[in-house]
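The structure appears right after this line, and notes come after that.
The values are calculated or read from the model by the stated rules, or taken from the named source; none is laboratory data. Since we're looking at a predicted model, the values are computed, not measured. Here Cβ is always computed from backbone atoms with ideal geometry, including for glycine, and neighbour counts include all displayed protein chains. Keep in mind that these areas ignore ligands, DNA and RNA; they rest on the heavy atoms of the full protein, side chains included. Shrake-Rupley method; radii C 1.70, N 1.55, O 1.52, S 1.80 Å.
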Amino acid sequence: MTNQPHAEHVPEFSEPGSTAVSWARVERVLRDSEMFWLSTVRGDGRPHVAPLPAMWLDGRLHFCTGAHEQKARNLESNPRCVLTTGSNSFREGLDVIVEGTAAQVGDEAVLTRLARMWRDKLDWPFEVADGRFRDPGSDDHRAPVFGVTPAKVLAFSKNPYSQTRYTFGE
């Protein structure tokens with residue numbers, strides 16, 4: 001994504017005198033966080049939430065999962081999802097929620113960049129094979145990689161408490 005999102009400070013969920021969180025700060029949290037919570041919807045409408053690592057690259061949040069796992073099956077029927085990350089502290093930090101649509105990434109160059117990020121950030125040495133990640137320590141386990149394009153991002157800062165809503169143009 002090359003365009004900057006439109007930021008809107010949400011006063012009804014913010015302390016008086018607070019201001020919008022900068023997009024640069026939000027991107028820093030997305031780039032530096034190691035763990036996220038992925039929320040998807042099962043075919044019968046029940047929610048499903050799972051923790052997993054994700055990488056911010058080129059304006060999209062990327063994660064991988066086994067094709068047989070519940071989250072992958074959920075995304076097959078409904079690609080809309082939410083990823084959250086932030087601080088578990090009440091009085092400090094920044095919580096970020098990314099709402100968007102997941103699509104499987106098949107571009108070998110992008111997958112190679114992402115595999116390098118997983119290795120450098122988490123010491124997780126994925127290889128790229130046939131448009132998926134391959135875990136060299138397993139019996140040929142291959143995992144699809146998904147990229148989530150944000151439709152809306154919410155940032156909740158603490159001290160002062162503030163909510164900023166980001167929306168993305170066409």
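Identify the residue in the range 71-93 that is touching a strand residue (DSSP E or B) at 6+ places or on another chain (Cβ under 6 Å) and closer than 14 Å to MET35 by Cα and, among all such residues, is least open to solvent (accessible area, probe 1.4 Å). Per the stated criteria, the residue is LEU83. Of the strands (runs of 3 or more DSSP E) contained entirely in the range 123-167, those carrying at least 1 residues that are farther than 18 Å from GLU108 by Cα and open to solvent by less than 60 Å² (accessible area, probe 1.4 Å) fall at 145-157, 162-167.
Only one of these is touching a Leu at 6+ places or on another chain (Cβ under 8 Å), closer than 16 Å to ALA151 by Cβ and surrounded by 15 or more Cβ atoms within 10 Å (Cβ to Cβ): LEU114, LEU61. Name it.
Values: LEU114 fails: closer than 16 Å to ALA151 by Cβ.
After applying the criteria, what remains is LEU61.
Apart from one condition, GLU27 fits all of (1) surrounded by fewer than 18 Cβ atoms within 10 Å (Cβ to Cβ); (2) touching a helix residue (DSSP H, G or I) at 6+ places or on another chain (Cβ under 8 Å); (3) closer than 22 Å to ARG119 by Cβ; (4) not hydroxyl-bearing (Ser, Thr, Tyr); the exception is (2).
Taking every residue in the range 68-91 that is touching a residue at least 60 places away in the same chain (Cβ under 8 Å) and pairing it with any residue that is buried (at least 19 other Cβ atoms within 10 Å of the Cβ) and of a type in the set (Phe, Trp, Tyr), at least 6 positions away or on another chain, the pairs with Cβ-Cβ distances below 6 Å are LEU83/PHE36. When the range 4-21 is limited to residues that are open to solvent by less than 60 Å² (accessible area, probe 1.4 Å) and part of a loop (DSSP other than H, G, I, E, B), the one that is nearest to GLU76 (Cα to Cα) turns out to be PRO5.
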